[in-house]
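Take a look at the structure below.
The values are calculated or read from the model by the stated rules, or taken from the named source; none is laboratory data. Small disclaimer: the values here were computed from a predicted structure and weren't measured. Here the Cβ is made from the backbone with ideal geometry for all residues, glycine too, and neighbour counts use every protein chain on show. Heavy atoms of the whole protein, side chains included, go into the accessibility calculation; ligands, DNA and RNA do not. Shrake-Rupley method; radii C 1.70, N 1.55, O 1.52, S 1.80 Å.
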Amino acid sequence: MSIVTRFAPSPTGHLHLGHAFSALTAWRRARAAGGRFLLRFEDIDPGRCRPEYAAGIVEDLSWLGIDWDGPIRIQSEHLRDYGAVLDALSERGLLYPCFCTRMDIAREIEASAAAPHAPDGSPVYPGTCRGLSADARAARIAAGVRFALRLDVERAVSGPLSYEDETDGLVRCDPMAFGDVVLGRKDAPASYHLCVTHDDALQGVTVVTRGEDLRPATHLHRLLQALMGWAAPVYAHHRLLTDPSGRRLAKRDRAATLRDLRASGVSAGAVRAMLE
Ligand code: GLU
C-alpha cells in the first residue's frame with residue numbers, strides 16, 4: 001500500500017526551522033516511498049490565523065523545494081463538516097454544553113483539593129457543567145450564554161484502545177487522562193483535536209509524522225477515531241529542534257524563521273542539509 005503523509009501547520013506565524021524539519025520529515029518519507037505528501041492549513045482559530053501567514057508558508061515550502069500533491073486543504077472552508085461530526089456525537093449523548101469561562105474554570109480548580117493535569121500539561125476540566133440538568137442547560141442557552149461542547153470522556157471510552165507508534169510499537173491509550181476536552185469551541189464549530197483526526201481520516205493519511213510535543217494528544221485522537229469509525233494511521237513522532245541553550249524553537253524566536261534565513265543569504269540547500 002502506498003503511503004500518505006502530511007504537514008499540517010497552523011498559519012499563526014512564519015515557519016521556523018522546527019516547522020521546516022517537520023515538513024521535510026513528512027515530505028522525504030512520502031517521496032522516498034513513492035507515496036503522497038499533503039499540505040493542510042489548520043486555520044480554525046479566527047483570532048490567531050492570518051492569510052498572510054498561509055501565503056508565507058506556501059512561499060517558504062516552495063523555496064525549500066517541497067512540493068505537495070493535490071490542493072491544499074484549508075480547514076476554515078470546511079467548518080460544516082466538523083459541525084456534522086459534532087452533531088453525530090451529540091446525538092449519541094457524548095457531548096455536553098459547557099458554559100464556563102476560563103476564569104470560572106481557574107476558580108473552580110483553585111478551590112478544589114485535587115487539580116489534575118492532562119498529559120499535555122493543561123489542567124483537566126473539573127466537570128462543572130457535566131451534571132447540569134436539561135432545564136438548566138436549556139435556560140442558559142435561551143438566555144444567550146455562549147457555550148463550548150465538551151466530550152464526556154467517561155461515556156465515550158468503552159474499552160481498551162491502542163495506537164501504533166513507529167518506534168514504540170503498540171501504545172496503550174489513556175484518553176481519560178485528558179478529562180472532558182472541548183471538541184466544539186465557543187468561536188468555531190470545531191477544535192484542533194476534532195479537525196485533525198477528521199481530516200487525517202478523510203484525506204487517507206496513513207503515516208502521521210509530527211513533533212514529539214503532540215505525542216500525548218494521540219491518545220485522544222485514537223479515541224475520536226474509534227468513536228467515529230475512522231481508520232487509524234500509524235504515528236511517527238519526531239524530535240523537536242532546540243536552540244543552542246536547549247530551548248525548544250518557537251514562533252517567538254524570530255531569528256530562526258525561514259524568511260529571515262533566506263533574507264540573510266542562507267540557501268535552501270544549506271537549510272535542507274542542516275535538517276537531515
Ligand atoms: N496544526 C498543528 C500545529 O501546527 C499540527 C497538527 C498535527 O500535525 O497533528 O501545531
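Of Ala236, Ala250, all but one fail to be outside any loop (DSSP other than H, G, I, E, B) and under 27 Å from Cys49 (Cα atoms); the exception is Ala236. Hey, any hits in segment 150-165 for a residue that's closer than 23 Å to His78 by Cα, open to solvent by 20 Å² or more (accessible area, probe 1.4 Å) and touching a residue at least 12 places away in the same chain (Cβ under 8 Å)? So far as segment 150-165 goes, yes, one or more of its residues are closer than 23 Å to His78 by Cα, open to solvent by 20 Å² or more (accessible area, probe 1.4 Å) and touching a residue at least 12 places away in the same chain (Cβ under 8 Å). The set of residues in segment 85-111 that are of a type in the set (D, E, K, R) and modelled with pLDDT of 95 or more comprises Asp87, Glu91, Arg92.
Name the residues in segment 54-105 that are polar (S, T, N, Q) and in contact with a helix residue (DSSP H, G or I) (Cβ under 8 Å, 6 or more places away or on another chain), would you?
Within segment 54-105, just Gln75 meets the criteria.
Tyr53 meets each of the listed conditions (1) under 20 Å from the mean Cα position of the chain (by Cα); (2) open to solvent by 20 Å² or more (accessible area, probe 1.4 Å); (3) closer than 29 Å to Ala142 by Cα apart from (3). Given the criteria at pLDDT 95 or above, under 17 Å from the mean Cα position of the chain (by Cα) and either in a strand (DSSP E or B) or more than 12 Å from the ligand (Cβ to nearest atom) (or both), does Ala190 qualify? For Ala190, the condition - at pLDDT 95 or above, under 17 Å from the mean Cα position of the chain (by Cα) and either in a strand (DSSP E or B) or more than 12 Å from the ligand (Cβ to nearest atom) (or both) - is not met. Filtering segment 259-276 to residues that are among the hydrophobic types (A, V, I, L, M, F, W, C) and open to solvent by less than 50 Å² (accessible area, probe 1.4 Å) leaves Leu261, Val266, Ala268, Ala270, Val271, Leu275.
Every condition in (1) under 30 Å from Gly144 (Cα atoms); (2) within 12 Å of the ligand (Cβ to nearest atom) holds for Pro9 except the one numbered (1).
With respect to Arg73, is the statement that it is open to solvent by 10 Å² or more (accessible area, probe 1.4 Å), within 16 Å of the ligand (Cβ to nearest atom) and touching a residue at least 24 places away in the same chain (Cβ under 8 Å) true? Judged against the criteria, Arg73 is a match. Check segment 26-40 and report whether any residue there is away from the ligand (no atom under 14 Å from the Cβ) and open to solvent by less than 40 Å² (accessible area, probe 1.4 Å). Among the residues of segment 26-40, at least one is away from the ligand (no atom under 14 Å from the Cβ) and open to solvent by less than 40 Å² (accessible area, probe 1.4 Å), which makes the answer yes.
Figure legend. Inter-residue proximity from segment 190-219: first residues over 15 Å from Phe7 (Cα atoms), second residues open to solvent by less than 30 Å² (accessible area, probe 1.4 Å) and part of a strand (DSSP E or B), beta-carbon distance below 7 Å, spacing 6+ or different chains. Indicated pairs: Ala190/Gly184; Ser191/Leu183; Ser191/Gly184; His193/Leu183; Leu194/Leu183; Arg215/His237; Thr218/Tyr163; Thr218/Tyr235.
Looking only at segment 232-258, filter to residues that are open to solvent by 30 Å² or more (accessible area, probe 1.4 Å) and modelled with pLDDT of 95 or more; which one of those is farthest from Arg28 (Cα to Cα)? For segment 232-258, the residue satisfying everything is Ala232. Checking the condition closer than 30 Å to Val153 by Cα and either at pLDDT below 95 or in a helix (DSSP H, G or I) (or both), which residue from Leu223, Leu261 passes? Of Leu223, Leu261, the one residue that is closer than 30 Å to Val153 by Cα and either at pLDDT below 95 or in a helix (DSSP H, G or I) (or both) is Leu223. Identify all residues within segment 115-130 that are part of a loop (DSSP other than H, G, I, E, B) and open to solvent by 70 Å² or more (accessible area, probe 1.4 Å); write none if there are none. Matches in segment 115-130: Pro116, Pro119, Asp120, Arg130. In the set (1) open to solvent by 30 Å² or more (accessible area, probe 1.4 Å); (2) over 17 Å from the mean Cα position of the chain (by Cα), Asp81 fails one condition alone, (2).
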